[in-house]
Amino acid sequence: MIQLIRGFKDILPDDIHQWQHIEQTARNLFESFGFTEIRPALLEKTDLFKRSIGEDTDIVGKEMYTFADRKGDSVTLRPEATASVVRSYIQHKMYAQDPVRKLYTIGPMFRRERPQKGRYRQFYQINAEAFGIESPLMDAQLIFMLVKLFEQLSIDDTTAHINSLGCPECRPGFKKILAGYLESKKEALCENCRSRMTRNPLRVLDCKVPSCRKALDAPPEMTSYLCGECDRHFTRVKTALNDYNIPFKLDKNLVRGLDYYSRTTFEIQTLSSGAQSAIAGGDRYDGLVEMLGGPPHPAGGFAIGFDRLVELFNQQPGAKVKGPDVFLAPLGETCEAMAGKWAAELSLSGIRTEIDFSGKSLKSLMKRANRLQAGHVLIAGEDEIENGSAILRNLHTKEQVDIPLADLSETIKMKIKL
Ligand code: AMP
């Protein structure tokens, strides 16, 4: 039998309810904040990611699914969404309609990382990107929206971590100072860090290798080297978060990986899965639109790890169960035909309905209804139909009542409190 590729997974029908619930919650929230959905292509020219994410990153260096298409052009399955959203924003001149544009997108990303719990090669992200807003209040609003999403999903135990990465004015000076510090720690650093410490010293701060983490005990901090503009920007982000009552932690080692980030960078971290891990990360990326051929528009956004969010959501009691509202159990052939029509009526009126046409005994139909975790069973035998009624049994309380067959969907909605 041909098996699934390592690191990939199917989202199965038993789990889909949580995915849909989270997705719907995010959509409702983002749309009420003025974001609209975009669904960019999944396959792009490889250069898009090389130019935006940076050749020196793990993603571009070793994780992308890149291949030559039949004409020999190098194409890549997107490893993240921002580059594609920006490409689309520029290509369709969205900035020409209104200088401000707020977009969100939900879908799969592909990175050939080492698979482990919570880390897949096809994984899903929920992304929001805001274009054309210079104000630090945008950064605070993005963080606010993220935190509210977790609140709405009852996922607590999360902390917002923030830092500033400066801008092309002040970062080069800091990079030099950092490179000097790293030179003094060179012996203790992993091979990868040694090779990138002069080219890209910031990325060393992000290294997850334990010996590197241990060696870098007191690295210089970007926030001490910010230029006046960046410093003011960051101060206003922090003030706004305080105004919004969003607790946050200043995390001076938070650098996050990609080349195009600038100024505010943030992560939502959780302790729920044991070790500290990030379920969402975001950044300003003021230079990216211009770098990819668009106008010099400021921008910023975030990406939520959807798979990890579902795993956290599933830790809540009762998160998984979502059987049908009503399970129709017709007894005998005549009843089956009538019940088929009622099932259609109930389904069309928004009641999640399952009907069993197997002709099996009531006992075995009840067994199946319980297995499906249905809320109620509607039992209709010949006697009931003759009397113009059916029996509605609540599978949780075991109570049952006779209900009239006229206005069936309205009556059921009332009884099951839909
Ligand atoms: P990034 O695009 O690397 O900033 O990641 C944003 C979020 O996506 C992270 O905080 C993770 O929750 C999630 N994520 C990143 N890589 C993976 C992966 N390989 N598998 C599952 N989730 C991931």
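The values are calculated or read from the model by the stated rules, or taken from the named source; none is laboratory data. Model, not experiment: these values are computed from the prediction. Counting neighbours? That spans all protein chains shown, and the Cβs are built from the backbone with ideal geometry, glycine included. Accessible surface is based on the protein model in full, side chains and every heavy atom, while ligands, DNA and RNA are left aside. Shrake-Rupley method; radii C 1.70, N 1.55, O 1.52, S 1.80 Å.
Based on the Cα coordinates of region 154-213, what is the per residue volume of their convex hull in Å³?
Numbers: hull volume 6.5 nm³, N = 60.
That works out to 109 Å³ per residue.
Could you work out how far helix 228-243 tilts from the main Cα principal axis of the chain, as a 0 to 90 degree angle to the nearest 10?
Orientation of helix 228-243: about 30 degrees from the principal axis.
Give the accessible area for ILE11 in Å² (nearest 10); use a 1.4 Å probe, count only protein heavy atoms, and leave out ligands, DNA and RNA.
The value for ILE11 is about 50 Å².
For a protection proxy built on the mean count of beta-carbon atoms within 10 angstrom, sort 303-312, 1-10, 205-214 highest first, please.
303-312, 205-214, 1-10
As I understand it, the dipole of the chain uses +1 on the Cβ of Lys and Arg and -1 on the Cβ of Asp and Glu, about the Cα centre. Which of TYR95, GLY294, THR411 lies farthest toward its positive end?
GLY294
Which whole-number percent gives the relative contact order of region 157-211, counting Cα pairs below 8 Å spaced six or more residues apart?
For region 157-211, the relative contact order is 30 percent.
If DNA, RNA and ligands are ignored and the probe is 1.4 Å, what is the ranking of MET197, MET414, MET291 by accessible area, most exposed first?
Result, largest first: MET414, MET291, MET197.
Please give the Cα centre distance for region 121-198 versus region 1-74, rounded to the nearest Å.
20 Å
Collect residues whose amide H, placed 1.01 Å from N in the peptide plane, falls under 5 Å from the amide H of ARG121; neighbours closer than 5 in sequence don't count.
When sequence neighbours closer than 5 places are left aside, the close amide H contacts are PHE8.
Let me understand region 326-416 better: what is its radius of gyration from the alpha carbons, and its Dmax, in angstrom?
According to the Cα coordinates of region 326-416, Rg and Dmax are 11.6, 30 Å.
Report ³J(HN,Hα) in whole Hz for each residue of region 84-100, in order, from the Karplus equation J = 6.51 cos²θ - 1.76 cosθ + 1.60 where θ = phi - 60°; Gly and Pro get x.
3J(HN,Hα) across region 84-100, in whole Hz: 5, 5, 5, 4, 5, 4, 6, 4, 9, 6, 4, 5, 6, 6, 7, x, 9.
Would you mind putting 98-108, 127-137 in packing order, based on average other-beta-carbon counts within 10 Å, highest first?
Final packing ranking: 127-137, 98-108.
Where does region 93-208 land on the Kirkwood hydrodynamic radius, alpha-carbon pairs, in angstrom?
Roughly 18.1 Å, rounded to one decimal.
Please give the charge dipole size of the chain, origin at the Cα centre, charges +1 on K and R Cβ atoms and -1 on D and E Cβ atoms. Round to the nearest 20 debye.
With only Lys, Arg, Asp and Glu charged at Cβ, the dipole is about 1600 debye.
Net charge near PHE150, counting Lys/Arg +1 and Asp/Glu -1 over other residues with Cβ under 10 Å of its Cβ?
Details: positive: LYS148; negative: GLU151, ASP156, ASP157.
Computed value for this residue: -2.
Using only the C-alpha atoms of region 255-369, find the volume of their convex hull and express it per residue in Å³.
About 194 Å³ per residue, rounded to a whole number.
For each pair in LYS50/LYS93; LYS102/LYS252; LYS148/LYS175; LYS249/LYS322; LYS45/LYS176, compute the distance between the two Cα atoms and list the pairs where it is over 26 Å.
Violating the 26 Å Cα-Cα cut-off are LYS102/LYS252; LYS148/LYS175; LYS249/LYS322; LYS45/LYS176.
Can you give me the accessible area per residue for the chain, using a 1.4 Å probe, in Å²?
Solvent-accessible surface per residue comes out at 50 Å².
List the pair-distance distribution P(r) of the chain, using every Cα-Cα distance, as the percent of pairs falling in each 20 Å bin from 0 up to the bin containing the longest distance, rounded to whole percents.
Answer for the chain: a P(r) of 22, 45, 23, 10, 0 percent.
First compute the accessible area of the chain with a 1.4 Å probe, then give the percent of it belonging to carbon and sulfur atoms.
50 percent
Based on DSSP H runs of at least 4 residues, each adding -39500 (n - 2.57), what is the mean residue ellipticity at 222 nm of the chain after dividing by all its residues, to the nearest 500 deg cm²/dmol? Kindly include the intermediate steps, with their values, before the conclusion.
Values: 16 runs with 156 residues, N = 418.
Result for the chain, helices only: -11000 deg cm²/dmol.
What is the helix-to-structure angle for 171-185, meaning the angle in degrees between its Cα long axis and the longest Cα principal axis of the chain, kept from 0 to 90 and rounded to the nearest 10?
80 degrees
From Cα pairs below 8 angstrom and at least 6 apart in sequence, can you work out the relative contact order of the chain, rounded to a whole percent? List each step's numbers first, then the result.
Details: 700 pairs, mean separation 60.8, N = 418.
So the answer I get is 15 percent.
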